[in-house]
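Structure first, then comments.
The values are calculated or read from the model by the stated rules, or taken from the named source; none is laboratory data. Computed from a predicted structure; not experimentally measured. Cβ atoms come from the backbone with ideal geometry, glycine included; neighbour counts cover every protein chain shown. All accessible areas refer to the heavy atoms of the entire protein, side chains included, with ligands and DNA or RNA removed. Shrake-Rupley method; radii C 1.70, N 1.55, O 1.52, S 1.80 Å.
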Amino acid sequence: MKALCWHGKNDVRYDTVPDPAIEHPRDAIINVSSCAICGSDLHLYDHYMPGMSCGDVLGHEFMGEVMEVGSETKNLKVGDRVVVPFTIFCGECEQCQRGNYSVCERSNRNKSLADKVFGHGGAGLFGYSQLTGGYAGGQAEFVRVPFADTTHIKVPDTLTDEQVLFLGDIFPTGWQAAVQCDIQPTDTVVIWGAGPVGQFCVRSAVLLGAKQVVVIDNVPERLSMAAAGGAIPLNFAHESVLGRLQELTHGKGPEKCIDAVGLEAHATRSLDSVYDRVKQAMWLETDRAHVLREMIYVCRPAGILSIPGVYGGLVDKIPMGALMNKGLTVRTGQTHVNRWTDDLLRRIDEGQIDPSFVITHAVDLAQGPEMYQTFRDKQDGCVKVILKP
């Protein structure tokens, strides 16, 4: 089959790789109809995440048709149309029973490696390094899905791929980020980053009833898309983040702050962002934490910081004194996708939201390598890329 494979920093290739096969009775093989490039894939593309091996098949946002099932996969049949969540989960361990699917205790087949890095590792993930199980990803013609009897979302034929594909990651990720904020009708919610996850944070915060939603970025097309969803755009290249937020909150600061950027913050004008780039270039720091520092500084005391943006290693110069003395609550983590998808699928079906709004580029899988660079550099107003095998 054909697939997009990682071969090193900024090197993704359209390769021929072996077809997947059933390896365990709970497996299924999916014939991929649509997949996407996620913002967190760029952390692999730029080689900021450890544990990648040359030839790894990328991608964790995909959907398609079931073409084969293992003998113990009883609730899927050949021909079923499914979205596959990026988090692989067994449905039986203690964490899964609590709905904490992204920290499933059984699905990461390299758990001992992840435990050494993180203390206790999380779930297996598709196409996201040996630390998360080394599973082949979904930017391919076919995918083996482990624990397929639980790791799936059945979707109706009445909805298009473009409407339901993002149930596998960015829609529930934005939703969880907003839910973690415990949004009240009087709240100002500020979102750093107007990429794909940031866009769904905006729509989720609006659906959950925030008084006002502000989004911070420096890409005009992304800010315009967020404004169309109900956000107040703030271009950090042209105005002061602190000054504008003080104005919008009458000097009190926002109650809820969401980091939809993660480890590759692209601010360049502040001293701390220059410091991060120097330390990162010297391998003295892995992640650029400008957004975290800014959120802690501007957030209203007793507020909540929600962090869906991916971090992979170490940061420093975090203002713990401000975090503690202001009484801020921090909530983060990989998304417990299937905790939210029944509700979100209903909202799509009822017309409350059409997730296809975020798509700016739709191309064949063979064009994936060049689209990685387009997405990374935010060329041509690129917000979200979907690929068709």
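I'd like to know if region 161-171 contains one or more residues that are more than 18 Å from VAL358 (Cβ to Cβ), assigned by TED's automatic domain parsing to the domain that holds CYS93 and surrounded by fewer than 21 Cβ atoms within 10 Å (Cβ to Cβ). Among the residues of region 161-171, not one is more than 18 Å from VAL358 (Cβ to Cβ), assigned by TED's automatic domain parsing to the domain that holds CYS93 and surrounded by fewer than 21 Cβ atoms within 10 Å (Cβ to Cβ), which makes the answer no. Contact map, region 219-241: first residue assigned by TED's automatic domain parsing to the domain that holds VAL298 and at pLDDT 95 or above, second residue part of a helix (DSSP H, G or I) and among the acidic types (Asp, Glu), Cβ cut-off under 8 Å, separation 6 or more or different chains; pairs are VAL241/GLU294.
Scan region 280-304 for residues that are over 22 Å from the mean Cα position of the chain (by Cα), open to solvent by 10 Å² or more (accessible area, probe 1.4 Å) and over 15 Å from HIS266 (Cα atoms) and the total you get is 8. Confirm whether LEU125 is modelled with pLDDT of 95 or more and touching a Phe, Trp or Tyr at 6+ places or on another chain (Cβ under 9 Å). Answer is yes for this residue. Just one of the listed residues (GLN184, GLN139, GLN180) is within 18 Å of the chain's Cα centre (by Cα), of a type in the set (S, T, N, Q) and surrounded by fewer than 24 Cβ atoms within 10 Å (Cβ to Cβ), and it is GLN180.
Which one of these is closer than 22 Å to ILE153 by Cβ and of a type in the set (A, V, I, L, M, F, W, C): VAL12, VAL57, VAL17?
Values: VAL12 fails: closer than 22 Å to ILE153 by Cβ; VAL17 fails: closer than 22 Å to ILE153 by Cβ.
Answer to the selection: VAL57.
Within region 26-74, if we keep just the residues that are open to solvent by less than 30 Å² (accessible area, probe 1.4 Å) and among the hydroxyl-bearing types (Ser, Thr, Tyr), the residue that is nearest to the chain's Cα centre (by Cα) turns out to be SER40. Whether any residue in region 264-283 is without any contact (Cβ under 8 Å) to a residue 40 or more places away in the chain and either in the same structural domain as LYS116 (by TED's automatic domain parsing) or aromatic (Phe, Trp, Tyr) (or both) is what I want to check. Yes, region 264-283 has at least one match.
Please go through region 305-338 and pick out each residue that is among the β-branched types (Val, Ile, Thr) and within 15 Å of the chain's Cα centre (by Cα).
Matches in region 305-338: ILE307, VAL310, THR332, THR335, VAL337.
Here is a yes/no grid of residues against (1) without any contact (Cβ under 8 Å) to a residue 24 or more places away in the chain; (2) on the phi > 0 side of the Ramachandran plot; (3) not aliphatic (A, V, I, L, M):
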residue: LYS9; (1), (2), (3): no, no, yes
residue: SER34; (1), (2), (3): no, no, yes
residue: SER53; (1), (2), (3): no, no, yes
residue: HIS60; (1), (2), (3): no, no, yes
residue: GLU72; (1), (2), (3): no, no, yes
residue: VAL82; (1), (2), (3): no, no, no
residue: PHE89; (1), (2), (3): no, no, yes
residue: GLN97; (1), (2), (3): yes, no, yes
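State all residues of region 187-212 that are within 20 Å of the chain's Cα centre (by Cα) and aliphatic (A, V, I, L, M); if no residue qualifies, say none.
VAL189, VAL190, ILE191, ALA194, VAL197, VAL202, ALA205, VAL206, LEU207, LEU208
The numbered conditions (1) open to solvent by 20 Å² or more (accessible area, probe 1.4 Å); (2) over 20 Å from the mean Cα position of the chain (by Cα); (3) under 27 Å from PRO172 (Cα atoms) are all true for MET225 except (2). Just to be sure, is GLN199 part of a helix (DSSP H, G or I), surrounded by fewer than 16 Cβ atoms within 10 Å (Cβ to Cβ), at pLDDT 95 or above and of a type in the set (S, T, N, Q)? Considered against the rule, which asks whether it is part of a helix (DSSP H, G or I), surrounded by fewer than 16 Cβ atoms within 10 Å (Cβ to Cβ), at pLDDT 95 or above and of a type in the set (S, T, N, Q), GLN199 comes out as no.
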